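Have a look at the structure below, then the notes.
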Amino acid sequence: MKKKLGRIFADGYLGLVIAFMYLPIFLIIVFSFSGSSRFSFENGFTLESYKAIFTSGAQSENLLSALKYTLILAASASVISTILGTFATIGIYYLNRKVKKITLTVNQLPMINSEVVMAVSLMVFFAAFSFVFPQGLTRLIISHVAFCTPYVVLSILPRLQKMDPNMYEAALDLGSNPFAAIFKVVIPFLMPGIVSGFAMAFTLSLDDFIITQFNKGDTGIETLSTYIYEDARVKSLEPFWFAVFSIFFVVMLTLLLLINIKKNSKKEDKQ
Amino acid sequence: MTKPKLRFSRKAFAYPYMIFLLLFVVVPLVIVLINAFLGDEGKLTFDNFIEFFSDKGGGMTVLGNSLIIGLVTTLICLVIGYPVAYFLAKYHASNKVFVLLFILPMWVNFLIRTLSTKAIFIALDVKLGMGTVMFGMVYNYLPYMILPLHTTLVSIDHSYIEAAEDLGADRFTVFWKTIVPLSVSGIVSGITMTFIPAISTFAISEILSSSKIFLFGDAINMHFSKTTNSFGVGSVMSLVMLVLVIIANVLVSLTEKKEEVKSAL
């Protein structure tokens, strides 16, 4: 009896915390159908806020362009950091102990460092070498690759440590050249780690605000985060944003749930 | 054309990334370091440090306030988050999706979540100020506290708990003398993952206090903006932040090492 009571208390508490975490999200989604930003259904149920996404003139255009840049940036940064990170991991694995330790420590820096400091340091760096790094996408892609690649490396490394080193040697003995052995034996074995590293890099880039804000320069490039910051920070939240945020919530939460459920079910299959 | 005889070391695959890290992670930090010692005319000077530490521009006051707000945020997150992680590990460890629900919000853009809470506060006629900022901080950083706590609590070997019970410890003692000490590394890394971003973030305090409350991250941001353009003092502040990051991570690795030693015994 006492045990049951503990369980009921635990579940009640967990429910309360879940409510705290999801209530704001839930409220925004519900009232995105009210066409108002006053959290009341004074106009009844309506899709006006969603229509506003496409019919708000300059705001709609800006939003679309921000979405475009966000996706371009996330796609290029995640592809580049996945390629860079995959080869880096293979190389790091064979470095001698000391160099390996140093490289992995520096690799940790972007992950542990405060985002503001990382953003500022890149900004000063780009300003100092502005003749090499033109303002705009170049700087943004480089800075996103810089904070995404460490996560790629750390998601591939454990997989590589599990690999039987004889696999590579066997490929060589069977007449494969080193490059083919890497591409046809090592990389396929690392694939699960590479895929989850890529997914991680993509999400991180998509979600970033601080590093983009400092390094976007004044070429007019805005990502979703920086555009939201510019537009919605000062004014109160317009119905338009209720709809945009709702779409964002639903898309992100479903995507993340799906990715993670799939990952878990795969793990269970193996066990 | 690659010949089968070609000799090359697989180490070489790491070189491009090592150069990349050097260029875009190490060198930028070195430039910040140099900037901290540069005066107006590019002369070597300690003025920036003097200006910051003498609190002329109010930088030290901001740092002090941020440390207090960060500390309170972290404490509240720990008090709310530890039971969550504990109950999840105790009753729901097998239900991965339920556990995931407590972590997921950290992947939804923090600006969107912060602006949503602001809209709700305005609709409820809540005055924006310290209270709303604290709410927003806890709301934002709670998942970062729960994640590492949960990871350590789930991995605790249940036989330790059973042993304590067999030796006559009541539930309260088991919790304080067995479970809490075994989860120290999770507690420390949870504190780091909350405290560091909490003191250095910008935007959360700005949005949820209508720019009335100003934290260390906002201050760094301000020093690097085009209008103020005081990179020197901003660089000193970044270095201070960097030192805090390093201290936090040394603490984390120390507690982890201790546990490794314990488990080796």
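We did not get these values from a lab; they are worked out from the coordinates using the rules stated. Since the model is a prediction, treat every value here as computed from it, not as a measurement. Every residue, glycine as well, gets a Cβ built from its backbone with ideal geometry; the counts of neighbours run over all protein chains shown.
One table, with the values for the structure above:
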{"quantity": "Residue (of B:Asn140, B:Leu75, B:Ile191) at the positive-pole extreme of the protein assembly as shown, dipole from beta-carbon charges", "calculated": "B:Ile191"}
{"quantity": "The range A:97-174, dipole about Cα centre (Lys/Arg Cβ +1, Asp/Glu Cβ -1), debye to the nearest 20", "calculated": "240"}
{"quantity": "Folded to 0 to 90 degrees: helix A:2-31 orientation relative to chain A principal axis, Cα", "calculated": "70"}
{"quantity": "Compactness of the protein assembly as shown - radius of gyration and Dmax, Cα, Å", "calculated": "24.9, 78"}
{"quantity": "Whole-number percent relative contact order across the range A:82-162, with pairs defined as alpha carbons under 8 Å at least 6 apart", "calculated": "58"}
{"quantity": "At most 12 other Cβ within 10 Å, DSSP loop - trypsin sites (Lys or Arg not before Pro), the range B:73-173", "calculated": "B:Lys127"}
{"quantity": "On Cα atoms only, tilt of A:115-128 relative to the major axis of chain A in degrees", "calculated": "70"}
{"quantity": "Highest-MSF residue in chain B out of B:Gly59, B:Gly42, B:Gly81 [GNM, Cα springs under 10 Å]", "calculated": "B:Gly42"}
{"quantity": "Label-point gap, in nm, between A:Lys51 and A:Asp11 - each point 7 angstrom along Cα→Cβ", "calculated": "4.5"}
{"quantity": "Total charge dipole magnitude, chain A, about the Cα centre, Cβ charges on Lys, Arg, Asp, Glu only, Debye to nearest 20", "calculated": "1140"}
{"quantity": "Rg/Rh ratio calculated on Cα atoms of the range A:120-271 (Kirkwood radius)", "calculated": "1.10"}
{"quantity": "Chain B: DSSP helices with Cα axial extent of at least 18 Å and average Kyte-Doolittle hydropathy no lower than 0.0", "calculated": "B:59-91, B:110-123, B:130-155, B:184-200, B:231-264"}
{"quantity": "Options A:Leu14, A:Ile25, A:Ser60, ranked by Cα towards positive dipole end of the range A:1-79, top entry (Cβ charges)", "calculated": "A:Leu14"}
{"quantity": "Percent RCO, i.e. relative contact order, over the range B:115-265, from Cα pairs under 8 Å lying at least 6 residues apart", "calculated": "25"}
{"quantity": "Candidates A:Ala232, A:Ala243, A:Ala119, ranked by Gaussian network fluctuation over chain A, Cα under 10 Å, top entry", "calculated": "A:Ala232"}
{"quantity": "Under 15 Å, Cβ to Cβ, from A:Ala52 - net charge with Lys/Arg +1 and Asp/Glu -1", "calculated": "-2"}
{"quantity": "Proximal charge balance of B:Leu88 [Cβ under 14 Å; K/R count +1, D/E count -1]", "calculated": "+2"}
{"quantity": "Positive-end extreme of charge dipole, the range A:141-271 - chosen from A:Ala243, A:Ser225, A:Leu255 (charges on Cβ)", "calculated": "A:Leu255"}
{"quantity": "Computed helical MRE - 222 nm, the protein assembly as shown, DSSP H runs ≥ 4 contributing -39500 (n - 2.57), nearest 500", "calculated": "-24000 deg cm²/dmol"}
{"quantity": "Trypsin sites (Lys or Arg not before Pro) within the range A:2-41, DSSP loop, no more than 15 other Cβ atoms inside 10 Å", "calculated": "A:Arg38"}
{"quantity": "Between 0 and 90°, nearest 10: helix A:137-162 axis offset from chain A longest Cα axis", "calculated": "60"}
{"quantity": "Three-way shape call for chain A based on the alpha-carbon gyration tensor, with the a/c threshold at 1.5", "calculated": "oblate"}
{"quantity": "Kirkwood Rh, Cα atoms: Rg over Rh of chain B", "calculated": "1.07"}
{"quantity": "Chain A - percent relative contact order, Cα under 8 Å, separation 6 or more", "calculated": "31"}
{"quantity": "Lys, Arg +1 and Asp, Glu -1 on Cβ, resulting dipole of the protein assembly as shown about Cα centre, debye, nearest 20", "calculated": "1460"}
